[in-house]
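In what follows, a structure is listed as structure tokens, so that the remarks can point back to it.
The values are calculated or read from the model by the stated rules, or taken from the named source; none is laboratory data. Quick caveat, the model's predicted, so the values are computed rather than measured. Please note: Cβ atoms are built from the backbone with ideal geometry, for glycine as well, and neighbour counts cover all protein chains shown. Note: areas computed on protein heavy atoms with side chains; ligands, DNA, RNA excluded. Shrake-Rupley method; radii C 1.70, N 1.55, O 1.52, S 1.80 Å.
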Amino acid sequence: MNRIKSLRLKNKLTQTELAKYLNVAQNTISYWEQGKYDIDNESLTKLADLFRCSTDYLLGRETKNPVTLLEELDSMDEPNL
């Protein structure tokens, strides 16, 4: 599974929701996830910002796992009063 799909699923986003955020068609997301189309630079940068990871990670050039949005929220402890 490619990293765009993996991060999208970890963050509980549909292809349609992600497409709206990136201002692209839903089938474009599907094609990126299937490896049929290469992602454009602007969308790649927006995805890296959204998922708080590097563009290299999204492109498979880096193996370090990013901190996803949900993991970051889950790891926050409430202060003890």
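Electrostatic tally near T45: other residues with Cβ closer than 13 Å to its Cβ, Lys and Arg +1, Asp and Glu -1, net -2. Taking every protein chain into account, the accessible area of segment 1-51 amounts to 61 square angstrom per residue (probe 1.4 Å).
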